[in-house]
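A.B. asks: I have a structure here, written as structure tokens, and I will follow up with some questions on it.
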Amino acid sequence: MARRQALSGRRAGEREVPAQLRPEAVNPGGHSSLPRSDNAIYELAAALDRLSRLEFPIRLNYVSRGLAAKMVDIETGEKSQALAAIAAGNPTPEQVRLVSSVPQYNAQLRTTCVATMLSGGHAANALPQSAKATVNCRIIPGDSPESRGTSPSQGRRASRWL
């Protein structure tokens, strides 16, 4: 356990690509006494809900396989066996799910994106004209910002998966 905590602070050695996305939902707004179905906050919340369920595919590289190899002796049972399979480059989908359930390992196996900030609306009795979020992505080597829909050139709505 102590070893895992020491490794959990950052991704060891590889050059991940950080990306900040700023998805935004915009609509006409209005007064809260006349609610509309196209509420900017609801639209953004739905997009962030989709993001929360998004799981990028794993990318096994020398860093992720090396970490898995070192952790085989730290973990026990099925988790140790799953890490050995990852280190060898041939894990089953179930082994990937098991190892991915540990945030420190998951971040070594795949690109991750998480909502970190929200803002929206301007008054308690007004429908919001806009709602914005900040999404922090860590793009693992082997992926690219463009392949993950996180390129700055894609604009404010920034991604095909939001």
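The values are calculated or read from the model by the stated rules, or taken from the named source; none is laboratory data. Everything quoted here is computed from the prediction, not taken from an experiment. As a convention, Cβ positions derive from the backbone with ideal geometry for all residues, glycine included, and neighbour counts pool all protein chains shown.
A.B. asks: Residues in the stretch 49-93 that are among the polar types (S, T, N, Q) and either modelled with pLDDT under 95 or in contact with a strand residue (DSSP E or B) (Cβ under 8 Å, 6 or more places away or on another chain) (or both): how many?
C.D. replies: 3
A.B. asks: Further question on the same structure: Which one of these is of a type outside the set (Phe, Trp, Tyr), over 22 Å from ARG138 (Cβ atoms) and surrounded by 19 or more Cβ atoms within 10 Å (Cβ to Cβ): ALA68, ALA87, ALA25, ALA47?
C.D. replies: Exactly one residue qualifies, and that residue is ALA25.
A.B. asks: For LYS79, all conditions in the list (1) assigned to a strand (DSSP E or B); (2) without any contact (Cβ under 8 Å) to a residue 40 or more places away in the chain hold save one; what is the number of the exception?
C.D. replies: Tallying (1) assigned to a strand (DSSP E or B); (2) without any contact (Cβ under 8 Å) to a residue 40 or more places away in the chain, LYS79 fails exactly one: (1).
A.B. asks: Aromatic (Phe, Trp, Tyr) and part of a loop (DSSP other than H, G, I, E, B) - does that describe any residue in the stretch 42-58?
C.D. replies: yes
A.B. asks: Here is a follow-up. Just to be sure I understand, how many residues within the stretch 94-114 are under 12 Å from the mean Cα position of the chain (by Cα), farther than 16 Å from ALA84 by Cα and part of a helix (DSSP H, G or I)?
C.D. replies: Residues in the stretch 94-114 being under 12 Å from the mean Cα position of the chain (by Cα), farther than 16 Å from ALA84 by Cα and part of a helix (DSSP H, G or I): 2 in total.
A.B. asks: Considering only the stretch 90-120, state which residues are of a type outside the set (Val, Ile, Thr), farther than 30 Å from THR134 by Cα and surrounded by fewer than 16 Cβ atoms within 10 Å (Cβ to Cβ).
C.D. replies: ASN90, PRO93, GLU94
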